[in-house]
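Reviewing the structure listed below.
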Amino acid sequence: MSRSEMVRIERHLNRRKVADFLFAMVGLLCLLFALLTLLALMYDLARTGVPRLSLDFLASFPSRFADRSGILSAWVGTLCVMAVTAVAVIPVGVAAGVYLEEYAPKNALTAIIELNIINLAAIPSITFGLMALGLFVYEFGFGQSILTAGLTLGLLVLPIVIVTTREAIRAIPNTIREAAYAVGASKWQVVQHHIVPYSAGGILTGIIISLSRAIGETAPLITIGALTFIAFLPTPPVSGDAPYVSFQWLMDPFTVMPIQMFNWVSRPQPEFHVNAAATGVILLAMTLVMNGAAIYIRYRFRKRVKW
Amino acid sequence: MVNTTQEAATAGGDEMRAEIRRLSFSYGDKTVVKSVSMPIYKDRITALIGPSGCGKTTLLRCFNRMHDLYNDTEYEGEIALLPENRNILSSDIDPIEVRMRISMVFQKPNPFPKSIFENVAYGLRVRGVKRRSFIEETVERALAQAGLWNEVKDRLGASALALSGGQQQRLCIARALATDPEIVLLDEPTSALDPISTAHIEELVVTLKQNVTIVIVTHNLHQAARISDYTGFMYLGELIEFGRTPGLFTKPKDARTESYITGRFG
C-alpha cells in the first residue's frame, strides 16, 4: 500500500470517527432535552404544590376559599372509579388476551380483530367519553355515576390489558405447552395451570400500567358529566344496619383528582392554582408508585420464572 | 419401499405393542412422512435414525397426536395399538386420551417452573387424582425409576429449574413415567446434555424397557446401536429399512442405510 493511500484511508477514518462522535452528541442532547423538560416540569409542580400538602388538604372537601379547600372527594372518587375500572377490565382483558393467544384459530378474522385491538388503544379518549355518554348514561341509565366512569375508563384501557396479556403469554416457550399437553392436559388445564400462572407477572404489570393510565384521564369523564365541585362522599359500601353491604356508591355522582385540578386551574385566584399543583403532586406520586410497583412485580416474576 | 430384514419378520418371539400401517403425515401440502409401516415391539426399545429433516421426529410426534395442536396438519394411515387394534389416529379418539396412554420426553428438558414434586405429580393431577398418599407413592416410584430419587428426595419442594440439565431431563422422564404409560416416546432426549448425563440416561432407558415399550428418536448412531433392540432408518420421509439393531448395523440391506451408518452422508 502506498504512503499516499495510507494517508487517504486515515483521513477517511478520522472523518468517520467524527461522524460517530457527532451523532452520539446529538442523541445525548435530545435525551437531555426530554429529561430536563420533564424534570423542570416536575420541579416546578413540586415547588408550588408540596408546601400546600397537609393532612387537612387530604381530609377537606373543596370550598369557595382556597385555603380551606381539600381533595377528599376527589381522591375518594378516584379510588372508587379505579376500583370499578379494575373489576371491569381485569377479567375481560385477561380472558380476551388468553382467548386470542391460546384458543382463537389463526385466520384472517383473528388478524382483523388483532389489528383493531391495537387501533383501539390509539383512539382519542374523548371518543370513549362520547360513546359512554350515549351508552352508559342514557341507554343503560347508569347516570353520571361512579359506575359509568369506571366502565368508561375500563373500556379505554382494555386494549392495553389485552395486548400486555398476549405479550406475556407469548413469552412462554412452546415446549412448556407441549410438556403439559403431552401428559394429557386439556386446553383449559394448560391455561389454568400453566399459561395464566406463568404469565401472571406480565399480566399484572399490564394491569397496573393500564390503571395508571386511567387514573390521569380527564376528558372522557368530563364528557360523561363528572361534577367539578362536590362536597360529599359516595354512600359507604358497608353500614351498621341490615343489609350491611350497599352498592349505592356505584350510582353516586363523583369527581376525580384530574378534574379537581382542572377546576382549580381554571379559577382566576392564584391560591387555587397552588391547590391544583398540590393535587398534581399527589397524582404524580400515585402514578409513580403504581409504575414502580409494576417494575418491581415484573422483576420479581422474571427472577422466579426464567426460560 | 420397506426392506424388512429377516430377523424383524420372525422377531424372535417378541410381541407387537403397536403397528404403524401406511402412515403418511403432511403439514399443509408438504408430506413429511411417506407411507411408513413398521411394528413397535412390547417392552423393547425401538430407535428411529436418519439425517436431519428425514421425518423421524414428525413420525414420533404422530404417536401422541402432538400435531393436533397445530393448524394445517393431516394424518393418513393408522397407528394401531395392539392387541386391541385401536387406531390412535382415528378422529373419534380424543387426542387427550392418547396422550394419557402414550407419554413423551422432549429434546430439550422442559420442566414446568414448579416444584420437583408437582412436576412429577402433574400427570396425575390432570387426571383428577386427589388421594395424597397415592400421589406421593407414585412420585417416589417415578423418580426412583428415573434414577433421580436419591438426589432430590430431600428437596421435593424445591423448584425444578434449580436442577442441572441432566437432572431436569430425568425429571421429565419421571413425569412421563408417573402415569404408567403404555409407550414412552423419547425425542432425542440426550441431544442437549453432556456425555455424563447422556450415559446416565441411556442406562436408565435400558432398565426401563423391563416394563415399558420405548420409541426413541436419536441423532446419535452409536446411541441407537448401544441401547436399542430394533432400529428403523428413515430418509426423506420414508422408512428405508427396519430390523433388529445388530443386524441393521452390521448387515444393512439397503445401500442408503449402509451409506448412512458408515458415515458417507448425514
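The values are calculated or read from the model by the stated rules, or taken from the named source; none is laboratory data. It should be emphasised that the depicted structure is a prediction, and the values quoted were computed from it without experimental measurement. Backbone-built Cβ (ideal geometry, glycine too); neighbour counts: all protein chains shown. Only protein heavy atoms, including side chains, enter the accessible area calculation; ligands, DNA and RNA are left aside. Shrake-Rupley method; radii C 1.70, N 1.55, O 1.52, S 1.80 Å.
Could you order B:Cys54, A:Cys30, A:Cys80 so the one with the most accessible surface comes first? Probe is 1.4 Å.
Details: B:Cys54 5, A:Cys30 85, A:Cys80 25 Å².
Greatest to least solvent exposure: A:Cys30, A:Cys80, B:Cys54.
Do me a favour and compute the ellipsoid semi-axes for chain B from its Cα gyration tensor, root of five times each eigenvalue, largest one first, whole Å.
Working: eigenvalues 187, 89, 58 Å².
Semi-axes, largest first: 31, 21, 17 Å.
Just counting partner chain Cβ atoms within 10 Å, what average do the residues of peptide B:225-238 show around their Cβ? It would help to have the intermediate numbers written out before the result.
Numbers: counts 0, 0, 0, 0, 0, 0, 0, 0, 0, 0, 0, 0, 0, 0.
Across B:225-238, the average partner-chain Cβ count within 10 Å equals 0.
Could you check the spin-label model distance between B:Glu84 and A:Phe23? Points 7 Å from the Cα along Cα→Cβ, value in nm.
Between B:Glu84 and A:Phe23, the simple spin-label model gives 6.6 nm.
Per the helix-only calculation at 222 nm, which mean residue ellipticity applies to chain B, given -39500 (n - 2.57) for every DSSP H run of n ≥ 4 and division by its residues, nearest 500 deg cm²/dmol?
Details: 11 runs with 95 residues, N = 266.
Taken over chain B, the calculation gives -10000 deg cm²/dmol.
Rounded, prolate or oblate: which fits segment A:148-233, taking a ≥ b ≥ c as square roots of the Cα gyration tensor eigenvalues, rounded meaning a/c under 1.5, else prolate when a/b beats b/c? Please list the in-between numbers first.
Values: a/c = 4.03, a/b = 3.39, b/c = 1.19.
In terms of gyration-tensor shape, prolate.
Rounding to the nearest 20 debye, state how big the charge dipole of the protein assembly as shown is about its Cα centre with +1 on each Lys and Arg Cβ and -1 on each Asp and Glu Cβ.
Working: 55 positive and 49 negative charges, 286 e Å.
So the dipole magnitude of the protein assembly as shown works out to roughly 1380 debye.
Which residues, if any, in segment B:147-174 lose at least 30 square angstrom of accessible heavy-atom surface (probe 1.4 Å) when the other protein chains sit next to their chain rather than the chain being alone?
Residues meeting the cut-off: B:Leu161.
Any idea of A:Thr175's accessible area? Nearest 10 Å², probe 1.4 Å.
60 Å²
Anything over 32 Å Cα to Cα? Flag those among A:Lys106/B:Lys209; B:Lys56/B:Lys130; A:Lys187/B:Lys56, in the order listed.
Working: A:Lys106/B:Lys209 41 Å; B:Lys56/B:Lys130 37 Å; A:Lys187/B:Lys56 26 Å.
The answer is A:Lys106/B:Lys209; B:Lys56/B:Lys130.
Normalising by the residue count of segment A:101-230, find the relative contact order in percent from Cα pairs under 8 Å and 6+ residues apart.
On the way: 102 pairs, mean separation 50.7, N = 130.
With pairs under 8 Å counted, the relative contact order is 39 percent.
Net charge near B:Ser35, counting Lys/Arg +1 and Asp/Glu -1 over other residues with Cβ under 12 Å of its Cβ? If you can, show how the numbers build up before the last one.
Numbers: positive: B:Arg21, B:Arg22, B:Lys34; negative: B:Glu76, B:Glu78, B:Glu238.
Once positives and negatives cancel, what remains is 0.
Between A:Phe61 and B:Tyr27, take the C-beta separation as r, use R0 = 60 Å, and let me know the FRET efficiency to the nearest 0.05.
Details: r = 68 Å, r/R0 = 1.13.
So, using R0 = 60 Å, E works out to roughly 0.35.
Classify segment A:93-194 from the C-alpha gyration tensor, please: rounded if a/c falls under 1.5, else prolate or oblate depending on whether a/b exceeds b/c.
Taking the square roots of the gyration eigenvalues as a ≥ b ≥ c, segment A:93-194 is prolate.
To check my understanding: the extent here is largest minus smallest coordinate of the Cα atoms along each principal axis. What are those three numbers for segment B:67-183, in Å, largest first?
Cα extents, longest axis first: 47, 29, 22 Å.
Taking the Cα centre of segment A:54-304 as origin, work out the dipole magnitude from +1 charges on Lys and Arg Cβ and -1 charges on Asp and Glu Cβ, in debye rounded to 20. Walk me through the numbers on the way to the answer.
Numbers: 14 positive and 12 negative charges, 158 e Å.
My answer is approximately 760 debye.
Once phi is turned into ³J(HN,Hα) by the Karplus curve 6.51 cos²θ - 1.76 cosθ + 1.60 with θ = phi - 60°, what whole-Hz value does each residue of segment A:7-22 show in order, with x for glycine and proline?
4, 5, 5, 5, 4, 4, 4, 4, 4, 5, 5, 4, 4, 4, 4, 4
Kirkwood-based Rg over Rh for segment A:214-274 (C-alpha set), two decimals? Show your work: numbers first, answer last.
On the way: Rg = 15.0 Å, Rh = 13.5 Å.
Radius of gyration relative to Kirkwood radius: 1.11.
Angle between the Cα long axis of helix B:132-145 and the longest principal axis of chain B, 0 to 90 degrees, nearest 10?
50 degrees
Calculate the radius of gyration of the Cα atoms of segment A:3-50 to one decimal place, then report Dmax, the largest Cα-Cα distance, as a whole number, both in Å.
20.7, 68
Report the dimensions of chain A along its three principal axes from the alpha-carbon atoms, largest first, rounded to Å.
Result for chain A: principal-axis Cα extents of 94, 63, 36 Å.
If you filter segment B:183-266 for trypsin sites (Lys or Arg not before Pro), then keep DSSP loop positions with at most 12 other Cβ within 10 Å, what is left? Walk me through the numbers before you get to the answer.
On the way: sites: B:Lys209, B:Arg226, B:Arg244, B:Lys253, B:Arg256, B:Arg264; in loops: B:Lys209, B:Lys253, B:Arg264.
Sites meeting the loop and neighbour criteria: B:Arg264.
If the chain between A:Val50 and A:Ile112 were fully stretched, how many nm would it gain, using 0.36 nm times the residue separation less the Cα-Cα distance?
Values: separation 62, 0.36 × 62 = 22.32 nm, distance 4.81 nm.
Result for the pair: 17.5 nm of gain on full extension.
Would you please name the trypsin sites (Lys or Arg not before Pro) within segment B:71-118 that are DSSP coil residues with at most 16 other C-beta atoms within 10 Å of their C-beta?
Values: sites: B:Arg86, B:Arg99, B:Arg101, B:Lys114; in loops: B:Lys114.
Answer in residue order: no site qualifies.
Calculate, for A:Leu31 and A:Tyr244, the FRET efficiency according to 1/(1 + (r/R0)^6) with r their C-beta to C-beta distance and R0 56 Å; round to the nearest 0.05. Provide the component values of the computation, followed by the final result.
Details: r = 55 Å, r/R0 = 0.99.
After rounding, the FRET efficiency stands at 0.50.
Given R₀ = 60 Å, what would the calculated FRET efficiency be for B:Ser259 paired with B:Ser133, taking r from the Cβ atoms and rounding to 0.05? Spell out each step's value before the answer.
On the way: r = 56 Å, r/R0 = 0.93.
So, using R0 = 60 Å, E works out to roughly 0.60.
Please determine, in degrees from 0 to 90 and to the nearest 10, the orientation of helix B:195-208 with respect to the longest principal axis defined by the Cα atoms of chain B, where the helix direction is its Cα long axis.
For B:195-208 against chain B, the angle is about 90 degrees.
Determine the sum of side-chain charges near B:Leu48: Lys and Arg each +1, Asp and Glu each -1, restricted to other residues whose C-beta is under 14 angstrom from that of B:Leu48.
Numbers: positive: B:Arg44, B:Lys56, B:Arg61; negative: B:Asp187, B:Glu188, B:Asp229, B:Glu238, B:Glu241.
Combined, the nearby Lys, Arg, Asp and Glu give -2.
Where Lys and Arg each count +1 and Asp and Glu each count -1, what net charge lies around B:Val217 among other residues with Cβ under 12 Å from its Cβ?
On the way: positive: B:Lys56, B:Arg61; negative: B:Asp187, B:Glu188.
So the environment of B:Val217 carries a net charge of 0.
How far is it, in nm, from the label point at A:Phe232 to the one at A:Val87 when both lie 7 Å from their Cα along the line to the Cβ?
2.1 nm
Could you state the per residue volume, in Å³, of the convex hull enclosing the Cα atoms of the protein assembly as shown? Kindly include the intermediate steps, with their values, before the conclusion.
Values: hull volume 156.5 nm³, N = 573.
Cα convex hull per residue, to the nearest whole number: 273 Å³.
Using the Karplus equation 6.51 cos²θ - 1.76 cosθ + 1.60 (θ = phi - 60°), what ³J(HN,Hα) coupling, rounded to whole Hz, does each residue of segment A:175-189 give in order, writing x for Gly and Pro?
For segment A:175-189, the Karplus curve yields 4, 5, 4, 4, 4, 5, 4, 5, 8, x, 6, 7, 4, 5, 5 Hz.
Pairs of alpha-carbon atoms within less than 8 angstrom and 6+ residues apart define the contacts here; what relative contact order does chain B have, in percent? If you can, show how the numbers build up before the last one.
Numbers: 522 pairs, mean separation 79.2, N = 266.
Result for chain B is 30 percent.
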